[in-house]
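Coordinate-derived values only; no laboratory data. Quick caveat, the model's predicted, so the values are computed rather than measured. Positions of Cβ are backbone-derived with ideal geometry, glycine not excepted, and every protein chain shown enters the neighbour counts.
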Amino acid sequence: MRTRVRTDFYRTWENFDSKTGGKHMTKKENQGLIIVLVGLFMLSFSFGQAAWANSDRGGGGRGGLSGGVLQQLVFPCQTECRDSARDCVDTAESEGVTCIQSACATQVKAAQTACAADRTAQACKDAVSALRTCGDSCLTTFQSATTACRDTEQSCRAACDVAQ
């Protein structure tokens, strides 16, 4: 019985002809298949490059660690926009921390003390809530500043696209 199944399997493959894509495929059909496959590869490659070029991520984005380096070389204008936006957000964050530290020094110390032993304790949550309330105006200013950074980056990238 095993022999028969094996024989039927091989007989099925031997019955294929060139019209159905069997082992007797002609050179002309192979060339057509290769052309179609190369076309599909090029199409998928172009979509991948478009996604990579529009990536907002830095070195660890879709291009991996080396992608950030390559983006700097291929798209220097967009890279400059991204770097400026990062600097802008870093400045806004630093100013936000300074603002809260000076306006809410007591609440910062209370939150640090309450959360030192257990971050999940209710005392920690209450202290952080009090700190958030105290620093509300600083946090609002920080959010406005980061929104401005993001808007500036988008305008910068749009200008890069027009220039290219």
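By the count of other C-beta atoms within 10 Å, a proxy for reagent exposure, L131, L70 are ordered fewest to most as L70, L131. Averaged over all directions, how much area does the convex hull of the C-alpha atoms of the range 70-164 cover when projected, in nm²? With every direction weighted equally, the projected area is 7.8 nm². At 4 °C and 1.567 mPa s, grab the translational diffusion coefficient of the range 76-125 from Stokes-Einstein with a Kirkwood Rh over Cα pairs, rounded to a whole number in µm² per second. D = 98 µm²/s. Going by how many other beta carbons lie within 10 Å of each one, how would you line up T120, T79, T133, fewest first? Fewest to most other Cβ atoms nearby, the residues stand as T120, T133, T79.
Of the residues G96, T106, A163, the one whose Cα sits farthest toward the positive end of the charge dipole of the range 64-164, with +1 on the Cβ of Lys and Arg and -1 on the Cβ of Asp and Glu, is T106.
Among T141, T106, the ranking by other beta carbons within 10 Å of each residue's beta carbon, starting with the fewest, stands as T106, T141.
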